[in-house]
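Every number here is computed from the coordinates shown, using simple stated rules; none is lab data. Being a predicted model, the structure only gives us computed values, none of them experimental. As a convention, Cβ positions derive from the backbone with ideal geometry for all residues, glycine included, and neighbour counts pool all protein chains shown.
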Amino acid sequence: MNVKDEIRSFVVENFLFGDAGELTDDSSFIREGIVDSTGILQLVAYLQEHYQVAVTDEELIPENLDSVQRVAAFVEGKRSGVPCADSEG
Amino acid sequence: MELQMVHSFLESSAAARPDKVALVHDGERVSYRQLNRSASRLAGFLLQRGVLPGDRIVILLSNGVKYAASYYGVLKAGAVAVPLNVETGQETLGRLLDELQPAGIIVEQGGGHLLQQFHLVPPSVRFLVAIDTSVPGDEPRLVWGWDEALMAEELPEGAGKVSPEALASIIYTSGSTGQPKGVMLSHRNIVSNTRSITQYLRLTENDIQMVVLPFFYVMGKSLLNTHIAVGGTVVINNNFAYTASVIRQMAEEGVTGFSGVPSTYAYLLHRSPLASFRDRLPSLRYCTQAGGHMPREIKERLLQVLPPHTKLFIMYGATEAAARLTYVEPERLPEKLGSIGRAIPGVTVRVLDAQGEELPDGACGELVASGPNIMVGYWNDPEATARVLDGNGYHTGDLGYRDADGYLYVTGRKDHLLKVGGHRIDPQEIEEVLMSSGTLLEVVVLGLDDPLLGKKLVALAVPLGGNPSDRTLLSFCHARLPRHKIPGEIRLVAALPKYPSGKIDRASCLALCG
């Protein structure tokens with residue numbers, strides 16, 4: 001599985017009770033009520049543990065984390081050393 | 001003359017400072033003139049649709065400019081605003097619509113399922129306004145687009161005149177026990193509470209409030225009304241889960257006030273750049289907390305992390321009180337850290353025994369509140385109303401006492417008391433001890449049925465990281481609590497179920513225990 005598929009299955013398993021329903025790679029986790037604030041903490045903990053990447057407090061912004069696509073790009077960017085968006089804008 | 005209607009706050013601020021920014025949301029900045037005009041046009045549309053004083057209009061919208069325009073528009077028309085959680089499940093929504101018999105419903109895309117399932121809509125509903133949809137069609141018809149509705153002539157101010165005693169809003173409680181109840185609030189209830197709050201927080205037109213709490217929740221509603229009343233600005237951010245985006249916007253907008261429930265602050269302390277933004281929040285005048293007991297440990301950490309000029313207001317209230325009942329003056333917080341403070345202007349809170357007699361300082365009883373903010377009753381539920389309202393006022397269901405300085409303390413909720421092997425135990429005390437270990441993000445202590453003890457204490461705890469073992473936590477309790485108050489079991493979980501307001505949903509936590 002690639003990163004995007006892994007993140008997608010994490011979201012489906014943990015937040016959608018196994019039912020992917022209408023989840024697309026671009027679905028907004030928050031606007032579409034898929035994940036709440038506790039869920040974002042779980043997601044971040046998963047990224048840190050599973051991909052061994054550090055997620056700073058400043059990086060907790062929708063641009064990095066609010067869809068399967070964005071999370072995958074965020075993780076891949078971290079692994080390849082590309083700077084990620086943070087709250088400095 | 002003093003304003004007596006909730007929508008008069010908007011009208012008065014729009015007259016005094018029409019070009020001032022009232023709302024900021026997702027890059028949109030809306031002036032008082034624009035907001036008031038949208039609300040008046042919506043009111044005009046409602047009257048065209050035959051809405052009468054007292055008719056219920058359900059608002060199924062998330063926080064945004066259209067929510068505010070809908071809320072004030074409904075009130076201008078003399079109707080009753082009934083905001084519901086946009087994520088209300090089909091079954092509950094069907095039941096609520098059935099008991100409300102609304103004349104109309106304002107929905108967004110998220111409420112689209114409602115439009116597809118017309119069987120949910122009771123026959124009382126004469127129209128739906130779908131805010132993200134353009135629905136061309138000939139009359140008579142049911143569904144209207146938002147832009148279309150706002151093409152109506154503005155309703156002249158004062159045209160939808162109802163008395164200050166008339167119902168303004170029905171707000172559903174999160175229903176920690178049993179079904180959610182519809183709290184009926186009159187214009188007088190909301191106006192008086194709004195005034196008390198603006199007074200003790202010393203709000204002015206220079207205040208800019210960051211709102212992350214939903215407007216359908218009474219505290220969110222109160223943030224909207226108090227800032228509109230003083231001609232301030234409300235910054236709406238629906239992305240609290242991404243805490244860095246909220247903190248950043250607070251710095252960018254020069255926010256002066258932030259408000260949350262206990263879990264809001266637990267999250268900010270655990271996972272946000274709040275501490276590193278300490279020097280970049282020069283305007284942040286105060287933070288407020290209500291919505292339940294916040295552990296002492298979180299208050300202490302918050303006082304350390306907030307900028308030195310930021311005051312922390314610990315407050316207490318209930319939906320039934322139109323929001324607020326008491327607060328602690330920030331200057332006295334360090335010495336009254338466990339207190340909910342004293343009653344706000346115009347409100348009385350007494351400690352009564354089961355016979356309704358007032359208890360002396362230090363004695364524990366039920367907190368009973370009276371004042372112009374106390375609700376009219378529960379919608380369609382005279383029995384439930386009679387259980388909480390009587391000649392003494394509103395029985396909060398909270399147990400507590402008053403100290404010699406007149407400061408009130410809540411020790412727990414009547415309906416959370418657990419009977420464990422002959423002892424009556426208040427889970428709040430145990431939760432407080434567990435949180436003081438400093439290793440948990442949040443915790444709830446519940447009573448599971450037990451054939452021997454009646455109830456067995458079980459704690460569901462969310463670790464901050466580093467995974468404390470349940471044995472460590474239990475031994476921490478052993479050192480601080482009598483044996484009968486030590487949980488039989490501590491289960492470490494990833495998250496606790498919550499209401500959209502952020503309050504812990506104890507019923508769902510109990511269901512988690514199986």
Next on the checklist: Which of rounded, prolate or oblate describes the range B:417-512 when judged by the alpha-carbon gyration tensor and an a/c cut-off of 1.5?
Outcome noted: oblate
Item to check | Where the Cα pairs of the protein assembly as shown fall when distances are cut into 10 Å bins, in % | outcome: 3, 16, 26, 28, 19, 7, 1, 0
Checklist entry - So what's the angle, to the nearest 10 degrees on a 0 to 90 scale, between helix A:68-80 and the longest Cα principal axis of chain A? => result 30
Checklist outcome for this item: Proxy exposure order for B:450, B:398, A:57, A:5 (fewest C-beta within 10 Å first) is A:5, B:450, A:57, B:398
Checklist entry - Average partner chain C-beta neighbours within 10 Å, per residue of A:33-43? => result 6
Checklist outcome for this item: Quick note, the range B:53-113: a/c under 1.5 would make it rounded; otherwise a/b > b/c is prolate and the rest oblate (a ≥ b ≥ c, C-alpha gyration tensor); here it is oblate
Checklist outcome for this item: Summing -39500 (n - 2.57) over every DSSP H run of at least 4 residues in chain A and dividing by its residue count gives a helix-only mean residue ellipticity at 222 nm, to the nearest 500 deg cm²/dmol, of -15000 deg cm²/dmol
Next on the checklist: For chain B, take the longest principal axis of its alpha carbons; what is the angle in degrees between that and the long axis of helix B:296-305, to the nearest 10 within 0 to 90?
Outcome noted: 70
Checklist entry - With charges set only on the Cβ (+1 for Lys and Arg, -1 for Asp and Glu), what does the dipole of the range A:3-80 come to about its Cα centre, in debye to the nearest 20? => result 160
Item to check | Within chain B, helix-based [θ] at 222 nm, where runs of 4 or more DSSP H residues each add -39,500 (n - 2.57), nearest 500 | outcome: -8500 deg cm²/dmol
Next on the checklist: Based on alpha-carbon centroids, what's the gap between the range B:155-212 and the range B:18-87 in Å, whole number please?
Outcome noted: 14
Next on the checklist: Please list 3J(HN,Hα) in residue order for the range B:362-374, calculated via the Karplus relation 6.51 cos²θ - 1.76 cosθ + 1.60 where θ = phi - 60°; whole Hz, with x for glycine and proline.
Outcome noted: x, 7, 8, x, 9, 7, 10, 10, 9, x, x, 8, 6
Item to check | For the range A:3-80, diffusion coefficient by Stokes-Einstein and Kirkwood Rh (Cα), 10 °C, 1.306 mPa s, µm²/s | outcome: 128
Checklist outcome for this item: Two pseudo-spin positions, 7 Å from Cα along C-beta at residue B:481 and at residue B:199, lie apart in nanometres by 4.1
Checklist entry - How crowded by other chains is B:239-252, given as the mean number of beta carbons from other chains within 10 Å of each beta carbon? => result 6
Checklist outcome for this item: Rg (one decimal) and Dmax (whole number) from the Cα set of chain B, in Å, equal 23.1, 74
Next on the checklist: Treating the range B:6-162 as a set of equal point scatterers at the Cα positions, no solvent, please give the Debye-formula log₁₀ I(q)/I(0) at q = 0.12, 0.16, 0.18 Å⁻¹.
Outcome noted: -0.48, -0.86, -1.07
Checklist entry - Which ordering of B:181, B:76 is given by a fewest-first count of other beta-carbon atoms within 10 Å? => result B:181, B:76
Item to check | Inter-chain Cβ neighbour average for residues A:51-62, partner chain, 10 Å | outcome: 4
Checklist outcome for this item: Amide H neighbours of residue B:498 at under 5 Å, excluding residues fewer than 5 places away on the same chain, with H built from the backbone geometry, are B:505
Item to check | Rg [Å, one decimal], Dmax [Å, integer] - the range B:277-389, C-alpha atoms | outcome: 17.0, 53
Checklist entry - Let a ≥ b ≥ c be the square roots of the eigenvalues of the Cα gyration tensor of the range B:207-327; is it rounded (a/c under 1.5), or, if not, prolate (a/b larger than b/c) or oblate? => result oblate
Next on the checklist: For the range B:283-390, which GluC sites (Glu not before Pro) pass both filters: DSSP loop (anything but H, G, I, E, B) and at most 15 other C-beta atoms within 10 Å?
Outcome noted: B:357
Checklist entry - Amide H to amide H, which residues 5 or more places from residue B:397 or on other chains are under 5 Å from it, using H placed in the peptide plane? => result B:367
Checklist entry - Against the longest alpha carbon principal axis of chain A, how many degrees, from 0 to 90 and to the nearest 10, is the axis of helix A:37-50 turned? => result 60
Checklist entry - Which residues' amide hydrogens lie under 5 Å from the amide hydrogen of residue B:325, considering only partners 5 or more residues apart or on another chain, with H built in the peptide plane? => result B:316, B:317, B:318
Checklist entry - What share of all Cα pairs of the range B:200-411, in percent, falls into each consecutive 10 Å distance bin? => result 8, 33, 34, 19, 6, 0
